[in-house]
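The values are calculated or read from the model by the stated rules, or taken from the named source; none is laboratory data. Remember, it's a predicted structure, so these values are computed and weren't measured experimentally. Here the Cβ positions follow ideal geometry from the backbone for every residue, glycine too, while neighbour counts run over all protein chains shown. In case anyone asks, the SASA skips ligands and DNA or RNA and just uses the protein heavy atoms, side chains included. Shrake-Rupley method; radii C 1.70, N 1.55, O 1.52, S 1.80 Å.
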Amino acid sequence: APISPQEARKNYSALLNKYELREIDDYQEIYFLGIQHKKVQPTMSISSNYGYDDSNSHYRALVGDHIAYRFEIRAVLGKGAFGQVIRCFDHKTKTSVALKIIVNTEIMQEQGRVEVGIIQHLNKYDKDSKHHIIRGMDFFVFRNHICASFEILGPNLYEYSRSMRFKPIPSNAMKPISMQILQGLAFCHSHGVVHCDMKPENILLIPGGFKNIKIIDFGSSCFVGKQRY
């Protein structure tokens with residue numbers, strides 16, 4: 001069950017550092033505090049986001065620590081120019097999620113806000129998840145990083161192909177996958193969105209089989225007429 005910031009400050013002050021003791025009051029409910037020896041120790045350096053970012057402005061996500069006093073970091077799933085995706089356990093909903101943490105730079109934050117807007121826009125018109133688009137769950141800012149949680153899916157098409165030693169995917173599997181990709185793109189276009197970065201790495205298989213997919217990563221996407229690149 002969640003506790004209040006006041007309870008957390010009172011009962012766990014030895015666990016929290018000085019930064020967190022000030023920060024925690026910004027949260028109405030506390031679900032997870034993290035493991036003490038797994039926490040990043042903040043500094044006074046503004047250039048490194050008080051020690052929470054590395055030299056490339058990526059958030060220093062440590063397994064065992066928390067995100068937003070709710071998500072427990074379990075593993076880093078991937079990292080790129082946009083930021084990183086980590087596997088978390090959501091102590092509020094008691095489910096595992098994929099959490100995307102955008103790089104803390106002005107350009108990437110701007111694009112992150114666009115990405116969040118696009119996903120919310122598409123999900124609004126795909127309430128039953130029938131159009132093969134990744135489902136966003138929560139969107140928020142944590143320590144100057146735009147964050148978004150998503151449903152957990154399976155491997156991407158490149159990883160799947162590599163696991164098969166790059167043998168051709170059988171046509172009876174490739175046909176439904178191709179149809180779903182085209183249907184997903186048609187849905188995006190019908191709602192004024194261009195993906196801009198279609199590739200095998202951005203097509204994820206749905207767990208439980210290898211014929212159903214979802215399109216992910218709208219970090220380079222744009223609304224029609226508002227392209228930046």
Practice item. Identify all residues within region 25-47 that are surrounded by 16 or more Cβ atoms within 10 Å (Cβ to Cβ), within 22 Å of the chain's Cα centre (by Cα) and not aromatic (Phe, Trp, Tyr); write none if there are none. Key: Ile30, Leu33, Gly34, Lys39, Val40
Check your understanding: How many residues does region 210-228 contain that are among the small types (Gly, Ala, Ser) and open to solvent by less than 40 Å² (accessible area, probe 1.4 Å)?
Key -> 2
Review point. In contact with a strand residue (DSSP E or B) (Cβ under 7 Å, 6 or more places away or on another chain), more than 30 Å from Arg135 (Cα to Cα) and open to solvent by less than 70 Å² (accessible area, probe 1.4 Å), is that true of Ala68?
Key: no
Check your understanding: (1) modelled with pLDDT under 95; (2) out of contact with any helix residue (DSSP H, G or I) (no Cβ under 9 Å at 6 or more places or on another chain); (3) part of a loop (DSSP other than H, G, I, E, B): which one isn't true of Leu16, the others all being true?
Key -> (2)
Point to revise | Residue list for region 180-206, restricted to those being in contact (Cβ under 8 Å) with a residue 40 or more places away in the chain, among the acidic types (Asp, Glu) and not in a helix (DSSP H, G or I) | key: none
**Study point:** Test: Ser55 is outside any helix (DSSP H, G or I), within 17 Å of Glu151 (Cα to Cα) and open to solvent by 40 Å² or more (accessible area, probe 1.4 Å)
**Key:** no
Exercise for review: Look at Ser161 and say whether it is surrounded by 14 or more Cβ atoms within 10 Å (Cβ to Cβ) and closer than 30 Å to Gly51 by Cβ.
Suggested key: no
Review point. Mind checking which residues of region 70-118 are farther than 16 Å from Phe140 by Cα, touching a residue at least 40 places away in the same chain (Cβ under 8 Å) and of a type in the set (D, E, K, R)?
Key: Arg87
**Study point:** Failed item in (1) open to solvent by less than 80 Å² (accessible area, probe 1.4 Å); (2) under 26 Å from Leu99 (Cβ atoms), with Ala186 passing the rest
**Key:** (2)
**Study point:** Filter result (part of a loop (DSSP other than H, G, I, E, B) and more than 26 Å from Gly112 (Cα to Cα)) within region 140-176
**Key:** Met164, Arg165, Phe166, Lys167, Pro168, Ile169, Pro170
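Residue by residue, here is whether (1) under 18 Å from the mean Cα position of the chain (by Cα); (2) more than 30 Å from Ile107 (Cα to Cα); (3) part of a loop (DSSP other than H, G, I, E, B) holds:
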{"position": "Asp138", "(1), (2), (3)": "yes, no, no"}
{"position": "Ser178", "(1), (2), (3)": "no, yes, no"}
{"position": "Gly208", "(1), (2), (3)": "no, yes, yes"}
{"position": "Arg228", "(1), (2), (3)": "no, no, yes"}
